[in-house]
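Inspection log for the structure reproduced underneath, given as structure tokens.
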Amino acid sequence: MTDCLFCKMIAGEIQPDVVFENEHVLAFRDINPQAPTHILVVPKEHIATINDLDEAHGWLVGQLYLAAKAIAAQEGIAEAGYRTVMNCNAGAGQSVYHIHLHVLGGRQMNWPPG
Ligand code: AMP
Ligand code: ZN
């Protein structure tokens, strides 16, 4: 997707602050952090929203969570706790239409979320 911000990052056209990368996912610091640790984990395949997932994506979605687990350990927030969030469409506040798992930690996370 030529007009997708996260695809441009994956292609190396834009350089985010990368904290984790493997064959399937790229993870980088959010430019507008909502917690001391706020990282976005994105699949290297362009998928616009959760609604666009199909059965074949199940394994890839699992990779997002395995990356989140590794990143939490790397960032030192695994034991204290952290939150993972994936927003879907405008009503949930999705602003970049390439799915991404937010990993938030380093402070007490409240519930319900805003
Ligand atoms: P969402 O609102 O769930 O779609 O999340 C999109 C996230 O992308 C927001 O938290 C933004 O702060 C973040 N974001 C937007 N542009 C950039 C960028 N250039 N580098 C890193 N994070 C970004
Ligand atoms: Zn994309």
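The values are calculated or read from the model by the stated rules, or taken from the named source; none is laboratory data. A quick note: this is a predicted structure, and the numbers were derived from the prediction, not measured. Cβ sites come from the backbone with ideal geometry, for glycine too, and all protein chains shown count toward neighbours. Each accessible area value is taken on the protein alone, full model and side chains, heavy atoms only, with ligands, DNA and RNA left out. Shrake-Rupley method; radii C 1.70, N 1.55, O 1.52, S 1.80 Å.
Brief remarks on what is shown
- Cβ-isolated cysteines (cut-off 4.7 Å), the chain: C88
- Probing with 1.4 Å while keeping every protein chain in the model, the per residue accessible area of the chain equals 58 Å².
- Using a probe radius of 1.4 angstrom, the carbon and sulfur fraction of the accessible surface of the stretch 5-105 is 51%.
- Shown in residue order for the stretch 30-43 are the 3J(HN,Hα) couplings computed by the Karplus curve 6.51 cos²θ - 1.76 cosθ + 1.60 at θ = phi - 60°: 5, 6, 10, x, 9, 7, x, 10, 9, 10, 10, 10, 10, x Hz (x for Gly and Pro).
- Å³ per residue enclosed by the Cα convex hull of the chain: 110
- Remark: the A73-H46 segment gains 7.1 nm on full extension, using 0.36 nm per residue and subtracting the alpha carbon distance.
- The angle between the Cα long axis of helix 58-75 and the longest principal axis of the Cα atoms of the chain comes to about 40 degrees, rounded to the nearest 10.
- Amide H contacts for F20 (H built 1.01 Å from N in the peptide plane; partners 5 or more residues away or on another chain; cut-off under 5 Å): A27.
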